[in-house]
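First the structure, in the form of structure tokens, and then the observations on it.
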Amino acid sequence: MLTQNQSQQIYISEAASEGLTEAAQTLQSWLMQEEGTHYAANDLRACLVEWLESSIEQLVSDAPFLAAQSDRTQGFNQQAFKQALKSVSYTVKESA
């Protein structure tokens with residue numbers, strides 16, 4: 001599924017799309033119960049997509065630190081990055 005925000009497009013897998021819909025419904029119930037406010041589920045889903053896009057932008061700006069340079073307590077999903085590294089080729093720098 002493609003979603004468009006301004007001039008950008010991002011791909012959202014079917015599983016993620018379904019998860020966003022479920023999250024919006026859960027959030028809708030929570031907001032009604034906790035705050036007494038009712039939002040349309042589609043509007044909440046759109047807000048979640050916006051929030052995710054912003055979160056991705058923040059993650060990208062800190063990606064080197066979060067993926068590889070920090071210790072595990074400060075990193076984010078480092079295991080997935082390390083797993084991805086196993087699937088690509090590399091060379092070893094020769095020492096002088």
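FYI, it's all coordinate maths here, none of it is from the lab. The structure displayed is predicted, hence computed values, not measured ones. Ideal geometry is used to build each Cβ from the backbone, glycine not excepted, and the neighbour counts take in all protein chains shown.
The HN-Hα couplings worked out from phi for region 74-79 by the Karplus form 6.51 cos²θ - 1.76 cosθ + 1.60 (θ = phi - 60°) are 9, x, 9, 6, 4, 4 Hz, whole numbers, x standing for Gly and Pro.
In region 2-63, if the dipole is taken from +1 on Lys/Arg beta carbons and -1 on Asp/Glu beta carbons about the Cα centre, which of 56, 36, 17 is farthest to the positive end? The residue sitting most towards the positive pole is 17. One decimal place: the segment residue 33-residue 16 gains 3.6 nm when fully extended, by the rule 0.36 nm per residue minus the C-alpha distance.
Between the Cα long axis of helix 41-61 and the first principal axis of the chain there is an angle of about 20°, rounded to the nearest 10. For region 6-96, with equal point scatterers placed on the C-alpha atoms only and solvent neglected, what are the log10 I(q)/I(0) values from the Debye formula at q = 0.11, 0.12, 0.21, 0.23 1/Å, to two decimals? Here the Debye-derived log intensity ratios amount to -0.52, -0.60, -1.10, -1.14.
Per residue, the chain reaches -18000 deg cm²/dmol at 222 nm when only DSSP H runs of four or more residues are counted, each adding -39500 (n - 2.57).
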